Amino acid sequence: MRKNLFTISTLALAISGSQAIAESLVLEEVVVTAQKRSQGLQEVPIAVTMISGSKIAEAGIVSLEGLTTYVPNVNMIQNPGGGSPTGITVRGIGSGNNAGFEQSVGMFIDGVYAGRSRQFLVPFLDIGSVEVLKGPQGALFGKNTVAGAMIVNSARPTDTFEAEIRGRYEFEYDSKEYTGIVSGPLTDTLRGRIAATYQDFGGYMDNLISNSDDPEIENQAIRASLEWDLADNVSAYAKVDYAEQETDGSNTQFTNTGGAFRGLVPHTAVITPLEDGVFDDKTTLDGMNEEFSDTETLNVMVQVDWELDGGATLTSVTGYSEYDVSSLMDGDTSDLHLFESRMLEDFEQVSQEFRLTSAGGETLDYIAGVYLETQELNSLQSTDISLLPLAGFGVPPAELTANPPFEQESDTIAAFGELTWNFMHNWALTGGLRYAETEKEATLANIISDFGGSEPTTNPFLLGVAGGLLQIFPGQLEDDRSTENVSFSTNLSWDYSDEGMAYLRYARGYKSGGFNPSNKSLDEDIFEFDDEEVNSVELGAKMTLLDGSANLNLAVFYTEMSDLQVSTFVDSGFIVGNAADSTSKGFEAEGRWIATSYLDFGLSLGYLDSTYDDFPGAPCTNAQLLSADPVAAGCIGYTAVNPGLGLTNLKGEIAGRSPEWTSTFVTNVNFPVGDSMIFKGTLDVLYEDELNEKDHPNYQDSYYKINARLALASAADTWEVALVGKNLNDETTYSEGFGAGFFTGSWVKGRMPPRTVALDLIYRFQ
């Protein structure tokens, strides 16, 4: 199938080749800020993918998860249960789900760092562009960019009045979206913009217990921004946005039901997880209360740019970010009220960056700056346990609550700089360096109480149930850590002609260590995890072809990780450990071609080989857990009562979510219909290769997804009516999967949305 997709793409491009050359059409220049200055995409010696705000709106992309499918070797997965995303993977490098650490791909929203997965949940609203930078970016962008960085740019206020209202209705699942935007001048020197959205997505999973359609997701967001010309050489940009996401129910599937409940009771004797134990758009999550996840975020930023004599610019970026999360869900994945998991989390971050940037285009170009950041995190992950439903099966009754509250404070200070030497007319040598100090303090306390109570219990039986079944023991851990890190990069680029350049880049970065809030056993050896480090080499080329009507960008990379931070699900929580090392290598190709004034094509292709060189502390595989002798099969530490404590070595296995091949083929059609209307058509074909082995919780068969948009718009661009189809071929795909903590040999996975078709209505005021 890979060959077929590539062949189709090649033929499609070839059909219109002569037309493109004859008409001498020229691609519009794409401007990016990948090096913290405005540059043309084809001039930047880094692998960068830019997706415009118009593409995001037209494709119905409402979150980062939908965006990443258009970028080769980039993946984003969501934690089953409708909660937080587990993070972004770039070139086989990413992070899992754990409250104690940031992601390996740094997020920068309007210039402000947002490194925690909960901050990724903000719905896309009025986006100007998104830039995806691949490979370590620590020298300019700082810690936690070992895999890359994503730069999200909100649409800015305009010099002229603009207003837009948009409504979208999805027919099959009764989903609705409403968005409004107003922008324009307020005075001669002041411009403003305000945007708001409301999204209500209906569920597509059949909950067999509650007889409901899960998950139902409600998003609302508002953003206000101002641009102010304070003087001829001084400007300011300020933004505040608020967003809330509320989820009822889950997209979780529960399968492989042949094992046993903690080795005590067979599945079939007590529970009915599914009729057939296969993935079939059904769920059985049924908590003692309604399942929900509620996330509120607030972001404020102020940027001031002062152009100095000589052309250099002094920039100040001040950022404030906070979120509050509460979630409640069924922890036993059955129709019985056995275990219920609750999570409360609040986070606050204040950051300040000052940087001095040269005008550019000189023999020596430079960027220098300092960065300050402080974070506070408070998290409570509790488990409510009731074994009363199992009392008739020989299990003693017990009701208790385990509450492990976690607090962490973090402070970072850094100084950075980058110098580019433009020599010999068409050669440039760039070196970047960042020195950073990070201090963290953390406290974890386990409190075991009678069911729903707040006071610690002294009941030896309840303490025995918590310790024996869940490995949760009362007590407290406190610790602190201080690290000093240096990130650097060097880049040699060659403009071999007016239409092309080649580059060789080496970069080294790090991701800060931290503490495990899910360390319910209070094991001091796993409370703290270390920094991870990355070394990467990239060889690339960027070419403008066919008299400017086409471009092609290529990159080959090799990356080595040491002390890689890996999040694994053990019993009822995610534990972070440091795998010894991993290797990731591959290539990417991206191109675009304007075939005629009415037709253009885009193609991206990615190949990836990412494996663990050594990972001795990984959870045991399903094949090991279901074998006659799990210990003999390599599951060290396995017991029937606590199989989740068993560990194995995943040396040679796929690292992260890393399909071997990914590709995207995009076709855009735009031509007049009479004198007053325009037809717009888009066809996107997305391909992802097989992922993992069939007995792996994250197994995914290879698949295509077809997205399309057919629109009719006025020639004056005042109104537009469109049909938007996503996953039109109705492929079954999944997000992250992991072992069901209390059911040996079973696992849960998140089912991604099936086919959807929506009506899109847009009206623009001019």
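Every number in this text was worked out from the coordinates using simple rules, so none of it is lab data. Model, not experiment: these values are computed from the prediction. Virtual Cβ from ideal backbone geometry, glycine too; neighbours counted across all protein chains shown.
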Need the full-extension length gain, residue 484 to residue 673, defined as separation in residues times 0.36 nm minus the C-alpha distance. One decimal, nm. 61.8 nm
For segment 605-684, what value does the Rg/Rh ratio take when both radii are computed over Cα atoms and Rh is the Kirkwood radius, given to two decimals? 1.47
With a sphere of radius 10 Å drawn around the Cβ of residue 47, what net charge do the other residues whose Cβ falls strictly inside it have (Lys, Arg +1; Asp, Glu -1)? +1
Compare the peptides 423-430, 88-95 by average per-residue count of other Cβ atoms within 10 angstrom and give them in order, highest first. 88-95, 423-430
Long pairs among 36/143; 36/680; 134/651; 55/705; 282/651, criterion Cα-Cα beyond 23 Å: 36/680; 134/651; 282/651
